[in-house]
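Written below as structure tokens is the structure these notes are about.
Taken together, the values in this text are just the output of simple stated rules run on the coordinates, not laboratory data. None of the values given here were measured: they were computed from a predicted structure. Glycine also receives a Cβ, built like all others from the backbone with ideal geometry; neighbour counts cover every protein chain displayed.
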Amino acid sequence: MNYDLNQIPERTAKPREQGFTMVMDKGLSVREVEDFLEVGASYTDIVKLGWATSYVTPNLKRKLEVYKEAGIPVYFGGTLFEAFIIRNQFDDYRRLLDTMGMEYAEVSDGSIDLDHEQKLKFIQTLSKDVRVLSEVGSKDAEKIIPPYKWIQQMRTELEAGAEKVIGEAREAGNVGLFRSTGEVRSGLVEEILTQIPFEKIIWEAPQKAQQVWFIKMLGANVNLGNIAPNEIISLETIRLGLRGDTFTHFLDMDNVAEMFKPEVKAPGKPGTSMPRG
């Protein structure tokens, strides 16, 4: 950090299991990636190339090299996995991961109806070659998945070999974990946390209000995803209580109250004051 401040929550260090930040790249150019990494590399744990943007992104290999040179792992969005699966091209997908030197893969079924046992088999197979992140939840706003099913799927996908499970929200933050207004389905989150370890979940939270909610509930080292590259510094200040939304959340307010306690003037003696008790 550039200078010292007291009462700043302790952040885990990279490589970390908690306090994980996943950034979504929706089509940055190579130069934009370089600019982003200049300020954001220290706070970024992994980058997702959103949905199937990698299929049409120019200079893809060079872009992946730039991330790799900065020590930032990259993976293709789950929608690309689904695009291969629905076309019966799983082996082609595996070859793509190998050709591109990918260390991670996302397995999801947010856009297709995929038998869950089959999804588990895909996770098991891929986990032999790469580190798997599996996404739970639907991209269909009309499809409401009950909490017990979120828990069941998250648990079995972790058992099948996923390193972490991702709570679906899309890039807009208006499905899955959230209502169409962007409001957190708090009961769902609380129920999930009764069964699934905190450090094993990445909560997609692209909106600032959603990030604030999770940080206030679960602390500075909650795992958050789908963060826009130009919001990475903003998110870090929210995590540290250095933006208005969480400004007092990590402070010892009793100490603050004492510090700002007004002095009591001594009666009849202007300019003097009574000591505070």
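Quick look at the numbers
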{"quantity": "Residues listed by number, the stretch 86-104, amide nitrogen under 20 Å from LYS128 label point at 7 Å toward C-beta", "calculated": "88-104"}
{"quantity": "Using a Förster distance of 51 Å, the FRET efficiency for LYS68-LYS261 (Cβ separation, nearest 0.05)", "calculated": "0.40"}
{"quantity": "Spin-label model distance (nm) - LEU251 vs ASN230, 7 Å beyond Cα toward Cβ", "calculated": "3.0 nm"}
{"quantity": "Extension reserve of the ARG16-GLU142 stretch, reckoned as 0.36 nm per residue once the Cα distance is removed", "calculated": "41.8 nm"}
{"quantity": "Ranked LYS143, LYS119, criterion: other C-beta atoms within 10 Å, fewest first", "calculated": "LYS143, LYS119"}
{"quantity": "Relative contact order (%) - the stretch 21-274, alpha-carbon pairs under 8 angstrom, separation at least six", "calculated": "15 percent"}
{"quantity": "Degrees, to the nearest 10: 116-126 long Cα axis against longest axis of the chain", "calculated": "90 degrees"}
{"quantity": "Segment GLN152-THR181, extension gain: residue separation times 0.36 nm, minus the distance between their alpha carbons", "calculated": "7.8 nm"}
{"quantity": "Gain in span if fully extended, GLU190 to MET100, counting 0.36 nm per residue against the direct Cα distance", "calculated": "28.6 nm"}
{"quantity": "For TYR148, net neighbour charge (Lys/Arg +1, Asp/Glu -1) across residues whose Cβ lies under 13 Å away", "calculated": "+1"}
{"quantity": "Of all DSSP beta bridges in the chain, antiparallel share, percent nearest 5", "calculated": "10 percent"}
{"quantity": "Greater than 32 Å apart at Cα, pairs in LYS200/LYS261; LYS14/LYS121; LYS48/LYS119", "calculated": "LYS200/LYS261"}
{"quantity": "Whichever aspartates and glutamates have a C-alpha closer than 17 Å to that of LYS149, once near sequence neighbours (fewer than 8 apart) are set aside", "calculated": "ASP109, ASP113, ASP115, GLU117, GLU135, ASP140, GLU157, GLU159, GLU168, GLU190, GLU191"}
